[in-house]
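**Q** Okay, handing you the structure first.
The values are calculated or read from the model by the stated rules, or taken from the named source; none is laboratory data. This structure is a prediction, so every number in the text was calculated from the model and none was measured. Please note: Cβ atoms are built from the backbone with ideal geometry, for glycine as well, and neighbour counts cover all protein chains shown.
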Amino acid sequence: MLSTDAEAQFWSFYRKTSEALFRKAYRMCNGHQADADDVHQRTYLKALEHWPTVAGLADRQRDAWLATTLAREALQIWRAPHRSRETGPHDDAGRRPEASAGDGDAVFAADRYRKACRAIARLDGRQREVIALHCLAGYEISEVAGMLGISRATVRVHLHTGRDRIREIMAREEGSA
């Protein structure tokens with residue numbers, strides 16, 4: 001149980017960071033509202049659980065801790081046993097979105113995005129983490145390196161090999177379609 005002062009600090013931190021963190025969660029969950037809500041809430045539950053440690057960090061370190069925890073929670077969505085690695089993005093009812101009969105370029109882009117998300121879900125551990133943090137969540141290479149505790153060069157290698165693997169998976173899917 002937190003002291004009144006510690007509780008006030010936590011809620012101040014929550015109010016200051018919650019909106020931006022939810023936007024990141026939403027992007028990392030491919031626009032799936034329920035998953036983003038879950039990831040967002042679990043991240044703050046972990047922060048509350050570890051608040052004495054988190055509260056002692058400098059602002060930048062605290063933000064990095066929060067971002068790292070968010071990324072780990074979001075990656076759990078892809079690893080969930082009830083979800084297939086091929087599931088990809090879906091709407092709030094849990095269904096995969098259908099392409100509308102609107103603009104042909106938009107339909108093509110949406111279909112290509114779904115295929116890319118399915119390919120990302122099929123990557124191995126570190127490659128998936130690095131691609132998700134850099135390409136989907138928009139973190140800089142140095143930030144990803146700090147979050148995962150690896151060098152910037154290692155992040156770049158994972159990005160390169162991950163992107164090659166994504167192209168390979170997508171080409172194989174397009175060839176079999």
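**Q** Going through segment 123-158 one residue at a time, which ones are buried (at least 18 other Cβ atoms within 10 Å of the Cβ) and part of a loop (DSSP other than H, G, I, E, B)?
**A** Across segment 123-158, the qualifying residues are Leu123, Ala137, Tyr139.
**Q** Need the failing condition index for Leu70 against (1) at pLDDT below 85; (2) within 20 Å of the chain's Cα centre (by Cα), just the number.
**A** Answer for Leu70: the failing condition is (1).
**Q** Does segment 97-109 include one or more residues that are assigned by TED's automatic domain parsing to the domain that holds Glu168, surrounded by fewer than 17 Cβ atoms within 10 Å (Cβ to Cβ) and at pLDDT 85 or above?
**A** Scanning segment 97-109 turns up no residue that is assigned by TED's automatic domain parsing to the domain that holds Glu168, surrounded by fewer than 17 Cβ atoms within 10 Å (Cβ to Cβ) and at pLDDT 85 or above.
**Q** Please go through segment 1-37 and give me each residue that is over 21 Å from Arg60 (Cβ atoms), assigned to a helix (DSSP H, G or I) and without any contact (Cβ under 8 Å) to a residue 24 or more places away in the chain, ordered by number.
**A** Correct list: Thr4, Asp5, Glu7, Ala8, Tyr26, Ala36, Asp37.
**Q** Right, something else. Hey, does segment 40-62 have a residue that's without any contact (Cβ under 8 Å) to a residue 12 or more places away in the chain and aromatic (Phe, Trp, Tyr)?
**A** Among the residues of segment 40-62, not one is without any contact (Cβ under 8 Å) to a residue 12 or more places away in the chain and aromatic (Phe, Trp, Tyr), which makes the answer no.
**Q** Ser12: modelled with pLDDT under 90, surrounded by fewer than 11 Cβ atoms within 10 Å (Cβ to Cβ), of a type in the set (Ser, Thr, Tyr) and not assigned by TED's automatic domain parsing to the domain that holds Met147, yes or no? Spell out the reasoning first.
**A** Numbers: modelled with pLDDT under 90: no; surrounded by fewer than 11 Cβ atoms within 10 Å (Cβ to Cβ): yes; of a type in the set (Ser, Thr, Tyr): yes; not assigned by TED's automatic domain parsing to the domain that holds Met147: yes.
The answer is no for Ser12.
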